[in-house]
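Everything on this sheet refers to the single structure shown next.
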Amino acid sequence: MDVTQIPFAKHIGIERKEECTLKLEPIQTVQNHIQTIHASAQYALAETQTGLFLQREFPELEGKVVAVLRGSSVKYKNPASSTLTAHASLKGESREKFLTSIHKKSRASITVMVELQDEDGTITMIGEYNWFVQKL
């Protein structure tokens with residue numbers, strides 16, 4: 001699945017920057033009342049990046065599982081007024097724990113860390129996105 005083609009992601013302008021990296025331009029439709037990128041647009045970019053990250057991290061599961069976001073925790077650190085780039089990662093042993101659970105129980109949870117940076121490298125938001133994944 002091409003995450004940039006999800007209707008909402010497409011609507012707000014989420015695009016690929018690189019193979020596994022997404023970006024969001026500061027277009028008028030995603031701006032807030034102070035002409036910076038709206039918190040909800042940043043949240044959507046980060047959430048979409050975590051989904052793409054899971055696809056890339058676990059390609060053997062694509063088409064065999066359904067993943068839904070179960071919860072998240074985010075912190076907005078700086079205003080975002082230029083193009084944002086999203087970067088995702090996993091904590092420590094979470095990859096192994098996730099694979100063990102999905103193979104033994106046909107379901108698992110995993111937390112993906114994400115960071116948004118503007119063109120100057122300033123971090124505008126950090127977050128943890130908790131996904132629930134179940135085999136079809």
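The values are calculated or read from the model by the stated rules, or taken from the named source; none is laboratory data. Quick caveat: nothing in here was measured; it's all calculated off a predicted structure. Virtual Cβ from ideal backbone geometry, glycine too; neighbours counted across all protein chains shown. The accessibility values were calculated without ligands, DNA or RNA, using every heavy atom of the protein model including side chains. Shrake-Rupley method; radii C 1.70, N 1.55, O 1.52, S 1.80 Å.
For residue 57, are the conditions met, namely being charged (D, E, K, R) and surrounded by 15 or more Cβ atoms within 10 Å (Cβ to Cβ)? Spelling it out, residue 57 is indeed charged (D, E, K, R) and surrounded by 15 or more Cβ atoms within 10 Å (Cβ to Cβ).
Looking only at residues in region 96-116 that are closer than 17 Å to residue 47 by Cα and open to solvent by 50 Å² or more (accessible area, probe 1.4 Å), the one that is farthest from the chain's Cα centre (by Cα) is 109. Being surrounded by 13 or more Cβ atoms within 10 Å (Cβ to Cβ), closer than 16 Å to residue 117 by Cα and either in contact (Cβ under 8 Å) with a residue 60 or more places away in the chain or not charged (D, E, K, R) (or both) is a description that does not apply to residue 32. Here residue 20 clears all of (1) surrounded by fewer than 16 Cβ atoms within 10 Å (Cβ to Cβ); (2) within 12 Å of the chain's Cα centre (by Cα); (3) modelled with pLDDT of 95 or more except the condition numbered (3). Any residue that is touching a residue at least 40 places away in the same chain (Cβ under 8 Å) and in a loop (DSSP other than H, G, I, E, B) - is there at least one of those in region 85-103? Within region 85-103 (the criterion being touching a residue at least 40 places away in the same chain (Cβ under 8 Å) and in a loop (DSSP other than H, G, I, E, B)), the answer is no, since none of the residues qualifies.
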